[in-house]
Amino acid sequence: MARDLERMTRGLRGYLKDGAKVTGIKALSTGHSNETYLVEGLDRILRMPPSEEGLLPPYDMARQHAILDAVDKAPKGPPVPTMYELCTDASVIGDDFFLMSRLDGEAFDHVAPDWMKRAGADTVSSMCAQWVGAITSLHALPASLMPPGSRSVEQEITHWRDVAVQAETEKSLIDLLEALLAKPPASSGPMTPVHGDPKQGNCLWKGPEMQALLDWEMAGVGEPLTDLGYMFQFYDQGEVSFANAGFELAGWWPRGRVVEEWQRVTGRVARDIRLYETLALCKVSSIIALGYHLSRTGRATDPRFASWGAVVPLYVELARKRAQMK
């Protein structure tokens, strides 16, 4: 459902101290995740929940703002945009929202840009190091930095099992999650801040230099190996080839090097990593299945969701294969 950008512009002009500078609002991305807009005149980014039923509820904008603000202020945390106003009065522009700094750069999920393909192994290695470094630096921060609320490994598995059930998806996915719940992977120690969606595609790049780690909707406090397993799901995907831009290039770090760096920075041991990869693949499968379910039941109009039904079996099969690996 398209939002009324003129109404949003009027609302911001009346709400913000420097609202008179607002000349318009431009939609950058809308759909299943938080919606992103450019506030023209202020040159800031506005984030708000999706205008129809989304995939990652609850869309707690105050919590997201608090997480990003805390990470931004942490001396050794990953790079993130600077946070500005938070508004929890939905009457202002139609939903809760927050503003953050606009950063120059590009993000790429599925295809590496030509300049990266030409850059050479040393540059690709440096980019991978920056991605891994952003995630490991987050895991090295204290959990007390984050707003209240945490999720254990068992709770994480249960959550995505429940999402799969809600999506009325194939039984094989639910069975995989039930098996993980019956014998969950080992913990690496006390909980830490986690990103929840730490794919390379959520990095903002200006050339080969990382500007920010984006999309913190699923961030919180939990087991850091869930993030590491999530990163590893993009390796060796075969025909699925989902959101793994750059992984095919010479210089991209193999799993072993990523594990070594993560263990060095965090002082932890990466145990049961294949099970954490399996959990990550089941998590993404559940999200994809929910999108297809929302589409076929008429609860979402995003045209991408209608095609996701064919993707679920491929991703579930990949999860099954990872679960069988040692």
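The values are calculated or read from the model by the stated rules, or taken from the named source; none is laboratory data. What you see is a predicted model; the values in this text were computed from it and never measured. Neighbour counts are summed over all protein chains in view; Cβ atoms, including those assigned to glycine, are modelled from backbone coordinates with ideal geometry.
Tabulated results
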read-out: Restricting the stretch 26-55 to residues that are hydroxyl-bearing (Ser, Thr, Tyr) and touching a residue at least 12 places away in the same chain (Cβ under 8 Å), the residue that is surrounded by the most Cβ atoms within 10 Å (Cβ to Cβ); value: Tyr37
read-out: Filter result (of a type in the set (Lys, Arg) and modelled with pLDDT of 90 or more) within the stretch 311-326; value: Arg320, Lys321, Arg322
read-out: Residue check, Thr192 among the hydroxyl-bearing types (Ser, Thr, Tyr) and touching a His at 6+ places or on another chain (Cβ under 6 Å); value: yes
read-out: Hits in the stretch 198-231 (condition: aromatic (Phe, Trp, Tyr) and either outside the structural domain of Glu277 (by TED's automatic domain parsing) or within 16 Å of Met127 (Cα to Cα) (or both)); value: Trp205
read-out: Residue identified as touching a helix residue (DSSP H, G or I) at 6+ places or on another chain (Cβ under 8 Å), touching a residue at least 60 places away in the same chain (Cβ under 8 Å), closer than 20 Å to His110 by Cβ and charged (D, E, K, R) among Asp302, Asp272; value: Asp302
read-out: Residue among Ser125, Ser144, Ser101, Ser150 that is touching a Pro at 6+ places or on another chain (Cβ under 6 Å) and either surrounded by fewer than 20 Cβ atoms within 10 Å (Cβ to Cβ) or free of Cβ contacts under 8 Å to residues at least 24 places away in the same chain (or both); value: Ser101
read-out: Residue check, Thr23 among the β-branched types (Val, Ile, Thr), modelled with pLDDT of 90 or more and surrounded by fewer than 16 Cβ atoms within 10 Å (Cβ to Cβ); value: yes
read-out: Candidate set from the stretch 287-305 (those that are of a type in the set (Gly, Ala, Ser) and over 15 Å from Ser33 (Cβ atoms)); member that is modelled with the highest pLDDT; value: Ala289
read-out: Unique residue being surrounded by fewer than 19 Cβ atoms within 10 Å (Cβ to Cβ), among the aliphatic types (A, V, I, L, M), closer than 23 Å to His195 by Cα and assigned by TED's automatic domain parsing to the domain that holds Asn202 when the list is Val259, Val311; value: Val259
read-out: Evaluation of Arg161 against (1) without any contact (Cβ under 8 Å) to a residue 12 or more places away in the chain; (2) among the basic types (Lys, Arg); (3) under 18 Å from Gly229 (Cβ atoms) (one fails), failing number; value: (1)
read-out: Count of residues meeting criterion [closer than 25 Å to Ala140 by Cα, in a loop (DSSP other than H, G, I, E, B) and touching a residue at least 24 places away in the same chain (Cβ under 8 Å)] in the stretch 202-243; value: 10
read-out: Residue in the stretch 58-73 that is polar (S, T, N, Q), in a strand (DSSP E or B) and more than 16 Å from Thr9 (Cα to Cα) present; value: no
read-out: Residues located in the stretch 244-275, provided they are among the aliphatic types (A, V, I, L, M), assigned to a helix (DSSP H, G or I) and farther than 19 Å from Glu317 by Cα; value: Val258, Val259, Val265
read-out: Residue pairs meeting the criteria (Cβ under 7 Å; at least 6 apart or on separate chains; first more than 25 Å from Met191 (Cβ to Cβ), in the stretch 246-269; second of a type in the set (Ser, Thr, Tyr) and not in a helix (DSSP H, G or I)); value: Phe247/Tyr235
read-out: Matching entry among Thr169, Thr158 (being closer than 24 Å to Val312 by Cα, part of a loop (DSSP other than H, G, I, E, B) and not assigned by TED's automatic domain parsing to the domain that holds Ile67); value: Thr169
read-out: Of the criteria (1) surrounded by fewer than 24 Cβ atoms within 10 Å (Cβ to Cβ); (2) part of a helix (DSSP H, G or I), which one Leu279 fails; value: (1)
read-out: Checklist (1) more than 25 Å from Val265 (Cα to Cα); (2) assigned to a loop (DSSP other than H, G, I, E, B) applied to Gly189, failing item; value: (1)
